[in-house]
Amino acid sequence: MGSFARRLRDNSLTLVFLGLFLAALVGQAFVGHAAYNAEQQMQGSETETFGAYVTGPAFLVDVAENWQSEYLQFFLLITLTVWLVQRGSPESKQPSDAGRGSDSEQQVGAHARPDSPHWARVGGLRGQLYSRSLGLVMLVLFVGSWLAQSVTGRLAYNEERESAGLGDLTWGQYVTGPDFWERSLQNWQSEFLAVASMAFLAVFLRERGSPESKPVGAPNAQTGA
């Protein structure tokens with residue numbers, strides 16, 4: 001197997017999901033544009049070109065509100081599973097292992113391996129940051145997409161108010177109003193239910209060959225991978 005083919009295989013999970021993401025985003029843009037213009041025609045308003053739609057607030061707020069809920073889900077899953085457990089789930093640590101773990105278990109500082117990442121070996125502030133970097137990056141992505149949702153959502157909502165002859169809302173008024181929180185909470189509740197379902201159902205159900213599942217013959221009480 002050539003080096004390029006090996007790289008494709010070694011990164012196939014990320015590449016396939018990025019491909020699915022792009023395909024779904026393009027599909028959303030086209031069907032969203034059609035739906036938006038159909039609604040505009042029913043209201044007797046002007047339709048928009050495809051370019052104007054995909055760069056406008058109506059499309060961007062729909063994208064941002066989904067992104068922020070996904071990154072919130074991963075941030076909470078990554079950080080809460082440090083301390084919280086679900087006995088029998090491959091998504092959980094053993095109940096006795098709850099917590100940050102010792103330096104020896106985490107292979108940091110003096111316990112790092114020769115091939116450990118550099119920041120895991122140096123310790124200090126850099127080591128502390130690196131030891132929490134995954135959760136921190138997910139938090140930054142959540143906050144960034146949340147802010148993007150609030151800005152684009154306000155623009156889209158004010159366009160609706162303008163067509164109804166009402167005045168614009170400030171950013172503060174919008175993010176404390178029902179439209180913003182209805183958009184957020186309708187996504188959050190589905191993400192939280194999905195994580196709870198995965199953590200619980202994986203106690204009893206299996207998917208042969210998946211790292212998200214225990215071995216098919218593993219007892220239900222076996223926790224962790």
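Just a few scattered comments:
- The chain, relative contact order in percent, only Cα pairs under 8 angstrom and at least six apart counted: 26
- Compactness relative to 2.2 N^0.38 Å, alpha carbon Rg of the stretch 1-93: 1.63
- Per the Debye calculation on the stretch 115-184 with a single equal scatterer at every Cα and no solvent contribution, log₁₀ I(q)/I(0) for q = 0.22 Å⁻¹ amounts to -0.90.
- 1.4 Å probe accessible area per residue over the stretch 68-115, in Å²: 63
- GNM flexibility winner over the chain from LEU22, LEU129, LEU13 (Cα, springs under 10 Å): LEU13
- Full-stretch length increase - ALA164, ARG126 - with 0.36 nm per residue and alpha-carbon distance subtracted: 8.3 nm
- Listed residues ALA29, GLN94, THR47: farthest to the positive end of the dipole of the stretch 18-112 (Cβ charges): GLN94
- Helix 12-42 axis versus longest C-alpha principal axis of the chain: approximately 20°, rounded to the nearest ten.
- Largest to smallest in accessible area, the residues TRP146, TRP83, TRP171 fall in the order TRP83, TRP171, TRP146 (1.4 Å probe, all protein chains included).
- Kirkwood Rh in Å, taken over all unlike Cα pairs in the stretch 30-76: 11.9
- Whole-number accessible area per residue in Å² for the stretch 116-225, which is evaluated in the context of all protein chains at 1.4 Å: 63
- Tail beyond 30 Å, pair distance distribution of the chain (Cα, percent): 46
- Fraction of accessible area attributable to carbon and sulfur, the chain (%, probe 1.4 Å): 63
- Student exercise, the chain dipole from Lys, Arg, Asp, Glu Cβ charges, in Debye to nearest 20: 1380
The values are calculated or read from the model by the stated rules, or taken from the named source; none is laboratory data. Keep in mind that this is a model prediction, so the values were computed, not measured. In this analysis, Cβ positions are derived from the backbone assuming ideal geometry, glycine residues included, and neighbour counts consider all displayed protein chains. Ligands, DNA and RNA are excluded from the accessible area calculation, which covers all protein heavy atoms including side chains. Shrake-Rupley method; radii C 1.70, N 1.55, O 1.52, S 1.80 Å.
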